[in-house]
Amino acid sequence: MAGLIDEPILGTNDIIETREEAEIKDVLIDKVREEGGQGDREMAPPTGNSIHRSGSRPQLDLSKAAILGNSEERDPTILLPNQSDDISHLALDIGGSLIKLVYFSRHEDRKINDKRKNTVKERLGISNGNRRSYPILGGRLHFVKFETRKINECLDFISSKQLHRGGIDSHGWLSETPANCSAEIKATGGGAYKFADLFKEKLGVSLDKEDEMDCLVAGANFLLKAIRHEAFTHMEGHKKFVQIDHNDLFPYLLVNVGSGVSMIKVDGDGKFERVSGTNVGGGTYWGLGRLLTKCKSFDELLELSQRGDNRTIDMLVGDIYGGMDYGKIGLSASTIASSFGKAISEKKELEDYRPEDISLSLLRMISYNIGQISYLNALRFGLKRIFFGGFFIRGHAYTMDTISFAVHFWSKGEAQAMFLRHEGFLGALGAFMSYEKHGLDDLMVHHLVERFPMGAPYTGGKIHGPPLGDLNEKISWMEKFVLKGTEITAPVPMAPPGTTGLGGFEVPSSKGGTLRSDASALNVGVLHLVPTLEVFPLLADPKMYEPNTIDLSDHVELEYWFTVLSEHLPDLVDKAVASEGGTDDARRRGDAFARAFSAHLARLMEEPAAYGKLGLANLLELREECLREFHFVDAYRSIKQRENEASLAVLPDLLMELDSMTEETRLLTLIEGVLAANIFDWGSRACVDLYHKGTIIEIYRMSRNKMQRPWRVDDFDVFKERMQSSGDKKPRPHKRALLFVDNSGADIVLGMLPLARELLRRGTEVVLVANSLPALNDATAMELPDIVAEAAKHCDILRRAAEAGGLLVDAMINALDGSKENSSSVPLMVVENGCGSPCIDLRQVSSELAAAAKDADLIILEGMGRALHTNFNARFKCDALKLAMVKNQRLAEKLIEGNIYDCVCRYEPAS
């Protein structure tokens, strides 16, 4: 994979370098340092003309390297013509029916030399070094399927993205493999042998064949350890996601149901044994089904089962006992006594039976058999966890239900059948990991974020539609969808799943309308690999932490929030188009975004678990990601700027008013100010309506005048006791406070900055924590330094703290008294939180925030998204204050049993 290198050791032996070669080395060293290689440590003694990796990891050959273009550029392109090691981004699992691809692409963002950020890093003690022996670069892991019979479409896809030559690297500093160099791609499955010559002929690459079972187990282990909501149970048509502690994963039974069935006991990474199997599997179902029903495809046979009634063919217990059950041994009247048993006694020919009933009876017979044998093997080895995957499963709800019921029935409820969202890609993912240079085995659950872009390259060929690449393709696709009224291909609106009660042996469940052609009711998205994400270290119990306060498994709740998002969509599109100048191109992109996001909502409304476990935070982030997908970087940019300017204009008067108050009065006024200013939230319909009734300052003053205690949640007195003196007893000031800020404008300028100022006055270091990426009108970490700089023009306390914290590194403010008191001032710093959503999941925060939390003993979470929608019930190792004004009626009713515009001031001492 491009750029995965150990700490560089560059130098000379007997070779005399040219000036250009020296420049190239300098550029490469800078890049390695930036991207997690050597860090700030000194260069090791020179040993040779290549960048070395430990063990078997490939080396970068720098001989005859050349800088393309201007060498003065920050990120000049470097051509490495003699690079002999293929740095592949692709692996395949080529089966008899489907080809599965896993490929990696680099993130497009480039690092910026930010002096402010570097200063903050120095103060927080953040090193540029990487804890691993080699860096893992940020990027995306894509999952793609093609029908094997249309292998040429797969080859065209690989060629178009240059995946066989290391991919199209946005940084451009690793060249494509030269045409005269035979690259190798890892592949598994029977097709790796069958189509080896075709890959050589069409793409000029060799297929490096990996053992199928090795890949299967490696892929399963990675997914179960690295993806939070990978495993799920499926009973009576309902999915329930299961979180498995990766430290308690092994041993387990992996049942791979392909043409036949293999049962593998997995004891650890690379430690497994095939303990059993059966020749009655997917091939049996397809083979017998083809003979008995004349179906022309596996999917057609599955679709038939959706409309079947097995009671016309299967002999039930009730058929034997005159409609009675056999309660003595625990068999109900509807239990199958003999699959296809009625065909013995009935004088019917094959053509007298409905193909739908035959297909269903056959499906149940084989599924039950697989479930029973799997459980018996789990019992044999004392295994409690059984994971099923393979071509036969492929996300088909009824198949999963029958297997689940069989395991539950024979184990008397002691064992569970579990399934994997990415189960179709186990082999391809295992092959991808076999390169050994990707370092994926080092990744933990907090390093991976799954996204579901419209037209994600999840599938190819005729299965769902073409893998969509650039923006124009996506826009054209959405326009074509609307004009022709055809189904969106990925994600695709589905027919509602029809659940009919008990599954398994008794009543067919999960029988809906038409199936998608791969019979899957689960999507898999693009996995964003972000090695800089960490678990927030101040969580009291990370394993018990649940960010979502709102339970979207409740259909009524889900429908309410979908309605809110749908009603807000036209206003959001208007803002997004205006942010791009209102051009025709922006309007076209805005329309495409609206259609795409509506399609996501429709997909999730019909199948809430289609993208994994769904929470409100995920839903809101999906909206922001969809905006970015259609190149709307910051939809509220102009609004935020206008509101910041209006608020900064009245800040001096507010600070003067605060300074005239007693300490006790001032603290209450500050908290009231935060709550009042939090009214400005463009994600709230009630707030948007307010904007038509007055200016930002008028609304703020109105809100502040209505601050009347007691609030709906009112812990202010407890907080005051911790903060202020009580007689002769003076409480110790907090060492460092993390202030999770919310909206731009009055919220940050008139609410949180004055509170930060008060903490600084008391000797507490303050870290303002803001979004890494824009979301609605939330302030971002990139915008905050400028806001602080403007505010500091009116306040010595803010100016000195901002200088000490590296926010005013250019010494732009010296007009007040000309003095510099950095050494005696506590710092005011800004860090990004690692997300781009109105909510925050503290299981995935930036390494900057994790470092800042190291010495923090106070957390202040502000706003509905961060303090109510998420983290309202979160517990921390340090003191925590949660502040928000409720601007959503449903939230008021469900969460705090209050009303809109009620206030929440929740204080929780350290756990």
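A few comments on the model shown:
- Single residue of Gly237, Gly191 found to be in the same structural domain as Met400 (by the TED database) and under 30 Å from Lys265 (Cα atoms): Gly237
- Within segment 831-864, being within 16 Å of Val904 (Cβ to Cβ) and assigned to a helix (DSSP H, G or I) holds for one residue alone: Met864.
- The one condition in (1) part of a helix (DSSP H, G or I); (2) open to solvent by 10 Å² or more (accessible area, probe 1.4 Å); (3) of a type in the set (A, V, I, L, M, F, W, C); (4) within 27 Å of Lys894 (Cβ to Cβ) that Ala867 fails to fulfil: (2)
- Some residue of segment 253-265 being over 18 Å from Phe392 (Cβ atoms) and in contact (Cβ under 8 Å) with a residue 24 or more places away in the chain: yes
- So Val633, is it open to solvent by 10 Å² or more (accessible area, probe 1.4 Å), free of Cβ contacts under 8 Å to residues at least 40 places away in the same chain, within 23 Å of Asn472 (Cβ to Cβ) and of a type in the set (Val, Ile, Thr): no
- Answer from Leu254, Leu291, Leu301 - the residue that is under 30 Å from Ala226 (Cβ atoms), at pLDDT 90 or above and of a type in the set (A, V, I, L, M): Leu254
- Segment 758-781, residues that are among the aliphatic types (A, V, I, L, M) and in contact with a Pro (Cβ under 9 Å, 6 or more places away or on another chain): Leu759, Leu760, Val766, Val767, Ala775, Leu776
- Total residues in segment 228-260 satisfying the condition of being in a strand (DSSP E or B) and polar (S, T, N, Q): the figure is 2.
- Flag if Leu316 is more than 18 Å from Leu288 (Cα to Cα), open to solvent by less than 50 Å² (accessible area, probe 1.4 Å), out of contact with any Cys (no Cβ under 9 Å at 6 or more places or on another chain) and in contact (Cβ under 8 Å) with a residue 12 or more places away in the chain: yes
- Within segment 532-555, restricting attention to residues that are assigned to a loop (DSSP other than H, G, I, E, B) and either more than 25 Å from Asp245 (Cβ to Cβ) or at pLDDT below 85 (or both), the residue that is least open to solvent (accessible area, probe 1.4 Å) is Ile550.
- Per-region count, segment 414-468, residues on the phi > 0 side of the Ramachandran plot and either touching a strand residue (DSSP E or B) at 6+ places or on another chain (Cβ under 9 Å) or at pLDDT 90 or above (or both): 2
- Filtered residue count, segment 366-394, keeping only those that are crowded, with 22+ Cβ neighbours inside 10 Å and either among the small types (Gly, Ala, Ser) or modelled with pLDDT of 95 or more (or both): 12
- Positions within segment 762-811 being closer than 21 Å to Leu858 by Cβ, β-branched (Val, Ile, Thr) and assigned to a loop (DSSP other than H, G, I, E, B), in sequence order: Thr764
- Complete set of residues in segment 570-624 that are among the acidic types (Asp, Glu), open to solvent by 50 Å² or more (accessible area, probe 1.4 Å) and closer than 30 Å to Phe232 by Cβ: Glu606
- Taking the conditions (1) open to solvent by 10 Å² or more (accessible area, probe 1.4 Å); (2) closer than 22 Å to Val257 by Cα; (3) assigned to a helix (DSSP H, G or I) in turn, Leu360 satisfies each one other than (1).
The values are calculated or read from the model by the stated rules, or taken from the named source; none is laboratory data. The structure presented is a predicted model; accordingly, all values stated were derived computationally and were not measured. Here the Cβ is made from the backbone with ideal geometry for all residues, glycine too, and neighbour counts use every protein chain on show. For accessibility, only protein heavy atoms count, side chains too; no ligands or nucleic acids. Shrake-Rupley method; radii C 1.70, N 1.55, O 1.52, S 1.80 Å.
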